[in-house]
Amino acid sequence: MLQGSVAQSGVAGMTRTVADRMVESAGRGRVGREREIGALLAAATADEPPFLVAFVHGPGGIGKSHLVRRLLDALPAPVRGLYLDGRDVEPTPRGLRRALGQALGSTATDPDVGALARALAARPTVLVIDTYEGLGLLDAWLRTQFLPALPATTLTVLAGRDRPATAWHTTAGWQGLVAEFPLAWVTMMDSCLLLYLVRKAATFRRTFLSHHSVLAPISVSVAVSGSAGARVGERSWKAPPRKPLAIRA
């Protein structure tokens, strides 16, 4: 309907839309996490992924949603990316099946697992379930019934605040197929890079720079959005050493 009205108004040939600007704006705030994204992307594009389920976990504001969206944006053809937000999914097996069916373009009100598996088998897929802590009641069902029925070309990424239940690492068959990506705070280096990218450096307070060596990404975004624009780097600082990426399998 919107497309039709745009065409009739004579602006169908416009080169940019509001959505384009929104995507660009969101992209400017995405820095850091290259190691995690690289490891997930390598698994998503491998002929035989080293793991089939990845848990991305950490406290609120740490950057889980940004990370998984960057992963989906970086997927090359023909890998398909599917995104579900746990806040929008009814926490029942039927609710998850219906949400996944809709993401796959199915019109069925309650597609069965077999139908979903056949649709997923058509091409390699990365299935992201964000805000996974809201679907805790489905955890055992996913582990024991749903995910084992999916094709091995599907990489499932579960992003939430909680660490995975021990059963993901101890249940027979899952050993070695589950990886954890615990997110730590971004370094001051990445924080200043974010400030540089959005060109808002001036009123970012010196006390903020001097009292924080590591920050939550959301803290930096809030500080940036409320600043007016000058330079970064007037105070010298030393970033803390980066720890090796911890992937638990």
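In table form, for the structure just shown:
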item: Any hit, region 68-77, residues being of a type outside the set (Asp, Glu), closer than 21 Å to Leu137 by Cα and not in a loop (DSSP other than H, G, I, E, B); result: no
item: Residue match in region 45-53 (condition: buried (at least 18 other Cβ atoms within 10 Å of the Cβ), of a type outside the set (Lys, Arg) and without any contact (Cβ under 8 Å) to a residue 60 or more places away in the chain); result: no
item: Answer from Thr154, Thr131, Thr125, Thr92 - the residue that is surrounded by fewer than 17 Cβ atoms within 10 Å (Cβ to Cβ) and not aliphatic (A, V, I, L, M); result: Thr92
item: Complete set of residues in region 99-131 that are closer than 24 Å to Arg161 by Cα and part of a helix (DSSP H, G or I); result: Ala99, Leu100, Ala103
item: Selection count, region 89-109, where residues are of a type in the set (Asp, Glu) and over 18 Å from Asp139 (Cβ atoms); result: 0
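FYI, it's all coordinate maths here, none of it is from the lab. Bear in mind that the values here come from a model prediction, so they are computed numbers and not experimental data. Every residue, glycine as well, gets a Cβ built from its backbone with ideal geometry; the counts of neighbours run over all protein chains shown.
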